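Visitor: Okay, here's the structure, questions in a sec.
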């Protein structure tokens, strides 16, 4: 079949991605997951992390680690705060050095940490966040201990950690190179990135870390499932649920973070949530997936997809009707009490 390039996708619209197929990376049993997040840039990261805690409560997921890919002294502290409150204080956290720094953006992780420094509402489990392993080393340490093809990496931010992992050398954790280690231990990568809508867009996660995004798309040795900008904007998380559905507790870190991100009330797209959802809900998934192909990031930060029979990459899409159902799904899951707070 001839390659279908981005220009054709734009002409055809969502129909080019509307084929619904069996999950190409179907996995049995409990999922082993590593989340790689730019925590603090947008509230959807915190919502996605809440989902993973809920899936862990349901024994659907073994959350092996949470990697921070945003240059911020506050992101790892906020992740620690969240994990402690949800009852998962032993989950390792990876920090980043000399990563992407966003100076012109509200950092709700900073706002939350400063708020907590004053109120002391939430506890931490880590004494020295500056002594955490860097994410690419923590990846190596964790992956080396896993069974082959048993881990799914969910990346909902910048690609620096993933690029550094691929470029890493053999060390005390494994005699394999980073590329070899990923090829052996990782089943596939679920990533929120890119844009294929009518309005051509250099998407945020890509354009702010373009060299790393290019490297990962070109060199990641296993499959990639990409949830683009348009999917998340089709499913809106409403402020009304933040206002109404969490009154069982006086203090909730997700609710506080939501309110400290933008002038409340506001609704928000669910970009990062879709990449988490696709991994876990394999049987009755509301997202459509393209046929196989190849993803590429150009020098201007635009993402392209070419359909190829033997490709390892896939792109997600969603219908209008399913977007409404997925919104309901997200609301129902996130408003649940964490297991540790059940009476």
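Visitor: Can you find even one residue in the stretch 20-39 that is part of a loop (DSSP other than H, G, I, E, B), surrounded by 23 or more Cβ atoms within 10 Å (Cβ to Cβ) and at pLDDT 90 or above? Full working, then the answer.
Guide: Step one: list which residues in the stretch 20-39 are part of a loop (DSSP other than H, G, I, E, B), which gives 20-30, 38-39.
From the residues that got through so far, the ones that are surrounded by 23 or more Cβ atoms within 10 Å (Cβ to Cβ) too are 38-39.
Then drop every residue that is not at pLDDT 90 or above, which leaves 38-39.
Yes: one or more hits.
Visitor: Given (1) over 20 Å from the mean Cα position of the chain (by Cα); (2) crowded, with 19+ Cβ neighbours inside 10 Å, identify the lone condition not met by residue 130.
Guide: Single failed check for residue 130: (2).
Visitor: Kindly indicate whether any position in the stretch 175-190 is more than 23 Å from residue 65 (Cα to Cα) and over 18 Å from the mean Cα position of the chain (by Cα).
Guide: Narrowing the stretch 175-190 to residues more than 23 Å from residue 65 (Cα to Cα): none.
No: zero hits.
Visitor: Check whether at least one residue in the stretch 53-63 is more than 18 Å from the chain's Cα centre (by Cα), modelled with pLDDT under 95, assigned to a loop (DSSP other than H, G, I, E, B) and farther than 25 Å from residue 224 by Cα, and report yes or no.
Guide: Narrowing the stretch 53-63 to residues more than 18 Å from the chain's Cα centre (by Cα): 57-59.
Next, only the ones that are modelled with pLDDT under 95 stay: none.
There is no residue in the stretch 53-63 that is more than 18 Å from the chain's Cα centre (by Cα), modelled with pLDDT under 95, assigned to a loop (DSSP other than H, G, I, E, B) and farther than 25 Å from residue 224 by Cα.
Visitor: Here is a check on your reading of the model: is residue 280 within 21 Å of residue 41 (Cβ to Cβ) and at pLDDT 95 or above? If you could, list the steps in order and put the result at the bottom.
Guide: Values: within 21 Å of residue 41 (Cβ to Cβ): no; at pLDDT 95 or above: yes.
Here the answer is no, as residue 280 does not meet what is asked.
The values are calculated or read from the model by the stated rules, or taken from the named source; none is laboratory data. Since this is a predicted model, take the numbers as computed values, not measurements. With ideal geometry, Cβ positions are generated from the backbone for all residues, glycine too; neighbour counts draw on all protein chains shown.
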